[in-house]
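I have placed the structure first, in the form of structure tokens, so that the comments after it can refer back to it.
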Amino acid sequence: MAEAERSGQAVSLVLVDIDHFKRVNDTWGHEAGDAVLKHVARILQEGVRSEDVCVRYGGEEIAMLLAHTDTAHAVEIAERLRGRIAATVVRHAGAEISVTASFGVATYPESVTGRDRLFPGADKALYIAKNDGRNCVRWKPVSASRTSV
């Protein structure tokens, strides 16, 4: 965030939530859930640059902080990763488990005006993605004025 402020470059936060993760644990067990988490995390980690940050943010949520990335590029990255997750199958203990993920994107200072608004903006976009049926990417629109949230 400090680098974004110094350089004037955008930084995007992408929040990822594995859809219906509880169903994976309930159907195939927690070891299968762990395998799914590792599989999704590998796809996400391989899909970002070395200067980006990709971390588990509780439960089945993963946060990706994308340096020098505007909204358009963050959405493009998220859509590519969403497609990869949906197109693969996790094999665990003889089971083939298909999963999808929902993505929420916000960008500072493009779509949120304060650094403290980046997480709430991405979280709101993720909520909209889940509400819109899951397995999709939603983003906080670029602010019309610098004073809006």
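The values are calculated or read from the model by the stated rules, or taken from the named source; none is laboratory data. For clarity, every value in this text was computed on a predicted model and none was experimentally measured. All Cβ positions, even for glycine, are placed from backbone atoms using ideal geometry, and neighbour counts span all protein chains on display.
Numbers for the structure displayed
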{"item": "Subset tally (residues that are hydrophobic (A, V, I, L, M, F, W, C), in a helix (DSSP H, G or I) and within 30 Å of A93 (Cβ to Cβ)) for segment 1-46", "result": "11"}
{"item": "Residue in segment 47-63 that is at pLDDT 95 or above, polar (S, T, N, Q), surrounded by fewer than 20 Cβ atoms within 10 Å (Cβ to Cβ) and farther than 18 Å from I97 by Cβ present", "result": "no"}
{"item": "Residue within segment 102-123 that is surrounded by 14 or more Cβ atoms within 10 Å (Cβ to Cβ), modelled with pLDDT under 95, of a type outside the set (V, I, T) and part of a strand (DSSP E or B) present", "result": "yes"}
{"item": "Residue count, segment 29-48 (criterion: under 17 Å from the mean Cα position of the chain (by Cα) and in contact (Cβ under 8 Å) with a residue 12 or more places away in the chain)", "result": "9"}
{"item": "For A129: the one exception among (1) within 14 Å of D17 (Cα to Cα); (2) assigned to a loop (DSSP other than H, G, I, E, B); (3) in contact with a strand residue (DSSP E or B) (Cβ under 6 Å, 6 or more places away or on another chain)", "result": "(2)"}
{"item": "Odd one out for R49, checked against (1) basic (K, R); (2) within 16 Å of L15 (Cβ to Cβ); (3) part of a loop (DSSP other than H, G, I, E, B)", "result": "(2)"}
